[in-house]
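Undergrad: The structure is given below, and queries will be raised subsequently.
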Amino acid sequence: MLNRFRFTQQAILTSIFAASVSTICAVPASSQILPEVWGTIGSVDDLISYGAGVRFAGTGIEIGTGEEGATGGDFLTFFSLPIVSPYIGLGYYSGDENIAYSGGLHLNAGSHIVIGAGYHSVRGVNGQLGFRF
């Protein structure tokens, strides 16, 4: 014996309405769609370090200079949460310390403004300011 479901017209219309509303109102997280760029300035051993980065779809690239003119880049992985996005990264830099690691947080400070803080093994403690398109 097969059980047959009986759908009333009201149940069908309610299901269609609920599906339509959830489709229309569902907005993907902007950090997953829109690219984000930022500049960073920091300090390591009383020297100033600079960098710039870009993020798209949960991954990012950051380039910069550190102590004694060490330059290089990092590949970053972001963990997208509603307000804050922590990240970790691994990179290659010239100088004594070739392999670099980093970690930090990006905080959504408005619809298009991003502020952040992080630590980088070559560039030291840094602050970040950026925007989302």
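The values are calculated or read from the model by the stated rules, or taken from the named source; none is laboratory data. Here the structure is a predicted model, which means the values were calculated and not measured. Ideal geometry is used to build each Cβ from the backbone, glycine not excepted, and the neighbour counts take in all protein chains shown. Areas reflect the complete protein model, heavy atoms only, side chains present, ligands, DNA and RNA absent. Shrake-Rupley method; radii C 1.70, N 1.55, O 1.52, S 1.80 Å.
Undergrad: For every other residue with a beta carbon closer than 10 angstrom to the beta carbon of TYR93, add +1 if it is Lys or Arg and -1 if Asp or Glu, then tell me the sum.
TA: Summing Lys and Arg as +1 and Asp and Glu as -1 gives -3.
Undergrad: Compute the signed sum of charges (Lys and Arg +1, Asp and Glu -1) over the other residues within less than 12 Å, Cβ to Cβ, of ALA70.
TA: That works out to -4.
Undergrad: Hey, another quick one. What are the ³J(HN,Hα) values, in whole Hz, obtained from phi via the Karplus relation 6.51 cos²θ - 1.76 cosθ + 1.60 with θ = phi - 60°, for each residue of the range 102-117 in sequence order, with x given for Gly and Pro?
TA: 8, x, x, 9, 10, 10, 6, 10, x, 5, 10, 9, 10, 10, x, 8
Undergrad: Still on this structure, I have one more. Hey, any idea what % of the range 47-87's accessible area is carbon plus sulfur with a 1.4 Å probe?
TA: 74 percent
Undergrad: Rounded to whole Å and sorted largest first, list the principal axis extents of the Cα atoms in the range 24-133.
TA: Answer, in whole Å and largest first: 54, 21, 18 Å.
Undergrad: Taking 0.36 nm per intervening residue step and subtracting the Cα-Cα distance, what contour gain separates ALA52 from PHE75 on full extension?
TA: So the extension gain works out to 7.1 nm.
Undergrad: Mind listing the phi-derived Karplus ³J(HN,Hα) values for the range 120-131, rounded to whole Hz, using 6.51, -1.76 and 1.60 with θ = phi - 60°, and x for any glycine or proline?
TA: Per residue, the Karplus-derived 3J(HN,Hα) values read 10, 5, 9, 9, x, 6, 9, x, 10, 9, x, 9 Hz.
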